[in-house]
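Computed from the coordinates by the stated procedures, all read-outs in this text should not be read as laboratory data. Only a predicted model underlies this, so the values are computations on that prediction, with no experimental measurement involved. Counting neighbours? That spans all protein chains shown, and the Cβs are built from the backbone with ideal geometry, glycine included.
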Amino acid sequence: MARSFPASPSDPLETAAWLRWSLIALAGAVMLLLVVLPLAMVLAAAFAKGIGVWFAALVQPDARAALRLTLFTAAIVLPINAGFGLLMAWALTRFEFRGKRVLLSLIDLPFAVSPVVAGLCLVLLFGSDGWFAEWLAAHDIKILFARPAIVLATLFITFPFVVRELIPLMQQQGSDEELAARSLGAGPWRMFRRVTLPNIKWGLLYGVLLCSARAIGEFGAVSVVSGHIRGLTNTLPLHIEILYNEFDSTAAFAVASLLAGLALVTLGLKFWLEARHGDALARTHRRH
Amino acid sequence: MSTAAARLIALPARRGRRPLPGFGVSLGLGMAWLGLIVLLPLAALAWKAAGLGLAGWLHAIHDPRVQAALELSFGAALVAALLASCAGALVAWVVVRYRFPGRRLLDALVDLPFALPTAVAGIALTAIYSANGWVGRWTEPWGLKIAYAPAGIVMALVFVGLPFAVRTVQPVLESLGRDQEEAAVSLGAGRFTTLRRVILPELLPGLLTGFSLAFARGLGEYGSVIFIAGNLPFKTEIAPLLITIRLEEYDYNGAVAIAALLLAASFVCLLALNAIPLLFAHGKSDG
């Protein structure tokens, strides 16, 4: 690893100082224009008319309803995708079976599919002439343009996050400790609680963190199925769009600053996990 | 899939008995979850698309407005993935190879586009790069229009694609030993030759993976683009937006035709992503 060798003045691999600093400056400029400025813009625009206006935009009833719906959605999506993600990772890393490679690629599908296409799929299932339209109408169940569709769309989009995090981690760890626990007489549940869970807990948390960031911020898929009913089926990102299109950009940026703050917290937690518990994460995330 | 079926397709384990518990339950529940949440909705789209027939599909796609949107979406995603790959390789190189103040901050900021909701990024980028924004006010007098132009779409797509490009190259760079580079230099290779003949071949799988991920993401991206694009038909209207417009017009066939094409492109990207490690199987990267 390059860093572990002290660079002597005569180091043949040493880059010339001017070139090194030019590359650093160029990389810094890219990150400034692409990442730092948008973040600064959100804060500047959110507080442009003072903290009172900012606060008013956040406690306004439609904004509060949107926040509640966003948290409600995340609260359903996270446990489901974490629980089933764990089961799927267990099956895929502890057993050999035919079709495993196909299954692994199918898991990645939601990463590659456009969120709008995902939303459209749900419309085709639950819309007025969808597959389940008659049955739903007969039982008076409303899914599309209501909360269930928002939850389903978010489930689809955030499907791979936890399982994709656990698979490389559990593959690296192998099953020796679990086999040892079993041969010492531990039951399945005891083995899971005392061996598997402690081994993967930081990786699980890492996956849940990424999953929650996406669940809270998802826009395209939710936009297609939400129906945009103010106070009822608007999530926070959709609320931002409505405010923005009504030229109330200060309020839009105020709500955006709330989500940007959440993103920064996510980033901080992610960085802390990588630095502090890097050994318990999949190898690609280790930072030391 | 039922437990019995799961057992049937399983290969016999060592010593005839599976030493770890929960194979049937975990695979069965996992498949049910995958099937209900992901595969069933996609099957509905595939079914409707098949119902259109080739003639119906061609008819829907042949609309000039659809053609313009598809050209824009594929073109912008391609350009953005290329730019993101270059910028990503640069950032990864700088972060791994050099020591400078702010390095760890730069490294941490790379993930911001993952964490920041796309709508937030969209309105922020628009505000910065529009005619009276922080950057736009300096570029527009020079004739460089970014917001409400194709350049703005590319900009937003580079933003969402950058983390993929950095994070796929970075681990490879970190694991790259000095030995080969030193050997190349001691055998008389210049820095450029070393870069081209020693480092680049090692990075290639990572670069291609990052490119494919950024392209797939960019092709379907919606939230960050619709604010900065301006959304003029034939000029700055992307394909995912046209899907939502067709839906609002209750033109389901029109929406399905475009979506089927995007879905097919997603499958191609996934196939490419799966093929890359196989193509470079002799390498030692752990991707």
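In chain A, the ratio of gyration radius to Kirkwood radius, Rg to Rh, stands at 1.05 when only Cα atoms are counted.
Starting from the stretch B:72-135, pick out the trypsin sites (Lys or Arg not before Pro) whose DSSP state is loop and whose Cβ has at most 15 other Cβ atoms within 10 Å.
Within the stretch B:72-135, the qualifying trypsin sites (Lys or Arg not before Pro) (loop, at most 15 other Cβ atoms within 10 Å) are B:R99.
Considering just Cα atoms, how many Å³ per residue does the convex hull of the protein assembly as shown enclose? If you can, show how the numbers build up before the last one.
Details: hull volume 104.3 nm³, N = 575.
Cα-based convex hull of the protein assembly as shown, divided per residue, equals 181 Å³.
At an R0 of 35 angstrom, the distance between the Cβ atoms of A:D176 and B:C86 translates into a FRET efficiency of 0.25. Dipole magnitude for the stretch A:51-285: about 760 debye, using +1 per Lys or Arg Cβ and -1 per Asp or Glu Cβ, origin at the Cα centre. Here is the list for the stretch A:221-288: chymotrypsin sites (Phe, Trp or Tyr not before Pro) lying in DSSP coil, each with at most 11 other C-beta atoms within 10 angstrom of its C-beta, are A:F247. The alpha-carbon of B:K235 sits under 18 angstrom from the alpha-carbons of these aspartates and glutamates, leaving out residues fewer than 8 places away in its chain: B:D63, B:E71, B:E221.
Its Cα centre serving as origin, chain B has a Cβ charge dipole (Lys and Arg +1, Asp and Glu -1) of approximately 960 debye. Contact order for chain A, expressed relative to its length and based on alpha carbon pairs under 8 Å spaced 6+ residues apart, stands at 29 percent. In chain B, the convex hull through the Cα atoms has an average projected area of 22.1 nm², a quarter of its surface area.
Report the longest stretch of chain B that contains none of the chymotrypsin sites (Phe, Trp or Tyr not before Pro) sitting in a DSSP loop with at most 12 other Cβ atoms within 10 Å. Answer from the scan: B:1-233.
Looking at the stretch A:190-250, the GluC sites (Glu not before Pro) that sit in a DSSP loop and have at most 11 other Cβ atoms within 10 Å of their own Cβ are A:E246. Residue by residue along B:35-48, Cβ atoms of other protein chains within 10 Å of the local Cβ number 6 on average. Look at the stretch B:268-274: the mean tally of other chain Cβ atoms within 10 Å of its residues' Cβ atoms is 3. Peptide B:244-256 is shielded by partner chain Cβ atoms: per residue, an average of 3 of them sit within 10 Å of its Cβ. Note on the stretch A:199-243 and the stretch A:110-152: Cα centroid distance 17 Å, given to the nearest whole angstrom.
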